[in-house]
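The values are calculated or read from the model by the stated rules, or taken from the named source; none is laboratory data. This structure is a prediction, so every number in the text was calculated from the model and none was measured. With ideal geometry, Cβ positions are generated from the backbone for all residues, glycine too; neighbour counts draw on all protein chains shown.
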Ligand SMILES: Nc1nc2c(ncn2[C@@H]2O[C@H](COP(=O)(O)OP(=O)(O)OP(=O)(O)O)[C@@H](O)[C@H]2O)c(=O)[nH]1
Ligand SMILES: [Mg+2]
């Protein structure tokens with residue numbers, strides 16, 4: 001757990017465009033057999049090893065991905081889609097903790113308690129129809145207005161119907177410099193490729209997960225302290241060794257003096273039965 005970074009991805013889009021199916025395809029390798037409208041946002045977790053973007057020349061990163069599936073309408077507690085568009089949010093990640101999840105209450109079914117304090121990536125899903133695409137683009141406008149180009153954004157065509165203008169979404173994504181992906185949520189392989197592309201892009205923007213870096217610094221500090229403790233233990237060992245050697249030398253001097261004075265060598269009550277026995281065996 002200690003070497004995991006926390007990434008987060010939020011899935012947005014109009015009603016019934018396939019958000020829940022997509023998330024389940026990725027996390028559970030299966031879509032819900034009985035589809036249900038999502039009434040409350042849901043959090044899913046998955047641990048993965050993410051390769052670095054090609055230009056970074058860095059090793060793969062182990063991450064815990066927190067995926068937020070949202071409700072297209074307003075949920076029972078009054079939360080609407082506008083509550084999911086900001087990068088910053090109240091998360092439960094303990095910034096001072098040296099361990100991921102350290103100091104956090106464990107995720108719980110039925111409790112919306114995100115760990116990450118930032119939304120790092122947004123998937124804007126649409127079902128292929130013009131109206132659904134318009135909804136996704138409107139969401140992108142609002143995300144950009146609130147967060148600039150900070151987070152990773154991917155426009156996702158979940159082709160549940162034949163798009164009237166198949167190139168419109170791709171053109172939009174190219175113009176705006178965001179990712180674009182075309183799939184069917186039921187296609188597990190493509191879904192994996194989609195998340196992989198988004199997570200690699202997040203890896204390429206360390207500012208998004210810099211809280212993790214802070215944790216790393218804290219962890220480093222702990223390791224330094226441990227190292228210092230180790231050093232002082234080593235020093236203690238040296239002192240003990242020196243003291244033992246001095247005591248042995250003093251003992252030898254004392255014994256030599258006793259032999260010279262004609263006193264028998266047996267000593268009783270040295271506090272170490274083995275040592276006393278040793279003297280007896282030597283003598284008898
Ligand atoms: N054929 C097919 N159907 C899909 C696919 N993805 C989703 N669906 C269907 O589309 C419907 C809506 O899917 P959901 O995943 O519940 O969509 P959602 O966006 O989460 O819906 P809300 O939470 O109600 O907004 C369900 O009947 C799914 O079975 C797909 O890739 N192929
Ligand atoms: Mg849903």
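Below is a table of values for the structure above.
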item: Where residue 128 falls short, out of the listed (1) within 16 Å of ligand 1 (Cβ to nearest atom); (2) part of a loop (DSSP other than H, G, I, E, B); (3) surrounded by fewer than 16 Cβ atoms within 10 Å (Cβ to Cβ); (4) modelled with pLDDT of 80 or more; result: (3)
item: Residue ID - modelled with the highest pLDDT, chosen from residues in the stretch 21-41 that are surrounded by fewer than 11 Cβ atoms within 10 Å (Cβ to Cβ) and near ligand 2 (Cβ under 10 Å from one of its atoms); result: 37
item: Verdict on residue 123 being farther than 23 Å from residue 199 by Cβ, modelled with pLDDT of 95 or more and surrounded by 14 or more Cβ atoms within 10 Å (Cβ to Cβ); result: no
item: Given (1) within 13 Å of ligand 1 (Cβ to nearest atom); (2) assigned to a helix (DSSP H, G or I), index of the condition residue 123 fails; result: (2)
item: Yes/no for residue 175 being more than 16 Å from ligand 2 (Cβ to nearest atom), at pLDDT below 95 and either farther than 19 Å from residue 81 by Cβ or touching a strand residue (DSSP E or B) at 6+ places or on another chain (Cβ under 6 Å) (or both); result: no
item: Residue identified as surrounded by fewer than 18 Cβ atoms within 10 Å (Cβ to Cβ) and either closer than 30 Å to residue 59 by Cβ or within 25 Å of the chain's Cα centre (by Cα) (or both) among 142, 196, 170; result: 196
item: Yes/no for residue 116 being away from ligand 2 (no atom under 16 Å from the Cβ) and buried (at least 22 other Cβ atoms within 10 Å of the Cβ); result: yes
item: Pair list, Cβ under 8 Å, 6 or more apart: the stretch 121-134 residue at positive phi, other residue buried (at least 23 other Cβ atoms within 10 Å of the Cβ) and in a strand (DSSP E or B); result: 128/157; 128/158
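Per-residue answers, yes or no, for (1) within 16 Å of ligand 2 (Cβ to nearest atom); (2) over 26 Å from residue 21 (Cβ atoms); (3) in contact (Cβ under 8 Å) with a residue 24 or more places away in the chain; (4) crowded, with 17+ Cβ neighbours inside 10 Å:
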position	(1), (2), (3), (4)
74	yes, no, no, no
136	yes, no, yes, yes
162	no, no, yes, no
166	no, no, no, no
